[in-house]
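One structure is given below, encoded as structure tokens.
The values are calculated or read from the model by the stated rules, or taken from the named source; none is laboratory data. Since the model is a prediction, treat every value here as computed from it, not as a measurement. Every residue, glycine among them, receives a Cβ derived from its backbone with ideal geometry; neighbour counts consider all protein chains shown. Surface accessibility is based on the protein's heavy atoms, side chains included, excluding ligands, DNA and RNA. Shrake-Rupley method; radii C 1.70, N 1.55, O 1.52, S 1.80 Å.
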Amino acid sequence: GDIINATYTTSAPKIAMNSVRYFFRDSTLFFAFKAFLFFFVVGIVTLAWTKILAGILIAIALLLAVIIWRYLSLRKVEFKNAVLTPGVVIAQKPPTVLILANLVCDGRKTPVLGLKVKECRSLEPLSAEIGTRIPCVTAFLGSGLEGCWDTMVCNPLTSGTGNRKLLEQALARLDDEDDWRVLNDAVQKKMIPALGKTLRLPPSSPQSAFRR
């Protein structure tokens with residue numbers, strides 16, 4: 001396995017992420033790019049009136065460019081080396097996926113399951129119909145106190161590749177039906193975390209034989 005974003009895994013997707021594809025399918029990144037364009041264009045136009053304000057605006061644009069580059073670089077490594085995890089479509093507009101992962105980081109055998117929601121601009125070539133199974137990739141962040149990570153960093157594999165064969169192979173590796181049952185149970189009980197938040201399932205929730 002490899003280490004990435006505080007994650008050790010022997011079940012990585014090993015997929016080469018297409019940066020251009022990801023760029024136009026990740027809602028957060030697309031918003032950041034629009035902000036970059038705004039500050040850069042306004043900064044260039046403002047040069048005719050005030051160099052100080054223009055310099056500030058262009059500096060903000062350059063900072064956003066660095067953040068976008070760093071964001072893309074991390075995601076590329078995660079698509080290669082982070083954890084292959086199951087996700088299910090819970091909304092179509094925008095396409096929204098509920099993703100399940102094991103938060104344990106201290107080697108214990110009993111899983112501590114977490115959920116996270118990811119909004120996307122598209123799930124093609126897979127269907128965006130509610131209930132569709134989507135192979136995803138998850139990395140983890142946090143202090144690791146109490147033997148669990150605090151935060152899931154998730155993406156559908158469709159954001160990084162349009163190769164249907166690779167996506168089908170990844171989905172076939174997610175062959176533990178207990179994991180899918182946990183996801184379906186969470187949807188039925190409306191145990192959906194707020195966007196950007198990681199929800200840790202209580203011990204009384206249905207558990208899976210989740211493998212790291």
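Quick grid of which residues meet (1) open to solvent by less than 20 Å² (accessible area, probe 1.4 Å); (2) of a type outside the set (A, V, I, L, M):
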| position | (1), (2) |
| --- | --- |
| Ile44 | no, no |
| Leu47 | no, no |
| Leu74 | no, no |
| Leu98 | yes, no |
| Cys105 | no, yes |
| Lys109 | no, yes |
| Leu113 | yes, no |
| Cys120 | yes, yes |
- Message: Just to be sure before I move on: is Asp179 open to solvent by 60 Å² or more (accessible area, probe 1.4 Å) and of a type outside the set (A, V, I, L, M, F, W, C) in the structure I sent?
- Response: no
- For Leu84, state whether it is in contact with a Lys or Arg (Cβ under 8 Å, 6 or more places away or on another chain) and either under 15 Å from Gly160 (Cα atoms) or among the aromatic types (Phe, Trp, Tyr) (or both). yes
- Which numbered condition Gly142 misses (of (1) under 24 Å from Ser122 (Cα atoms); (2) modelled with pLDDT under 90): (1)
- the stretch 184-212: number of residues that are farther than 18 Å from Trp149 by Cα, surrounded by 15 or more Cβ atoms within 10 Å (Cβ to Cβ) and either among the basic types (Lys, Arg) or modelled with pLDDT of 95 or more (or both): 0
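Scan the stretch 54-66 residue by residue and report those that are more than 19 Å from Phe23 (Cβ to Cβ) and either touching a Leu at 6+ places or on another chain (Cβ under 8 Å) or open to solvent by less than 80 Å² (accessible area, probe 1.4 Å) (or both).
Answer for the stretch 54-66, where residues must be more than 19 Å from Phe23 (Cβ to Cβ) and either touching a Leu at 6+ places or on another chain (Cβ under 8 Å) or open to solvent by less than 80 Å² (accessible area, probe 1.4 Å) (or both): Ala54, Gly55, Leu57, Ile58, Ala59, Ile60.
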- Task: Please indicate, with yes or no, whether at least one residue in the stretch 4-15 is at pLDDT 90 or above, crowded, with 17+ Cβ neighbours inside 10 Å, out of contact with any strand residue (DSSP E or B) (no Cβ under 9 Å at 6 or more places or on another chain) and at negative phi.
- Result: no
- Task: Go through the stretch 160-176 and give me each residue that's open to solvent by less than 50 Å² (accessible area, probe 1.4 Å) and closer than 25 Å to Leu72 by Cβ.
- Result: Gly160, Thr161, Gly162, Leu167, Ala170
- Query: Only one of (1) in contact with a strand residue (DSSP E or B) (Cβ under 8 Å, 6 or more places away or on another chain); (2) open to solvent by 60 Å² or more (accessible area, probe 1.4 Å) fails for Leu157. Which number is that?
  - Reply: (2)
- Message: Can you list residue pairs whose Cβ atoms sit under 6 Å apart, with the first residue in the stretch 123-135 being surrounded by 14 or more Cβ atoms within 10 Å (Cβ to Cβ) and the second being of a type in the set (S, T, N, Q) and part of a loop (DSSP other than H, G, I, E, B)? Count only pairs 6 or more apart in sequence or on different chains.
- Response: Ala128/Gln92
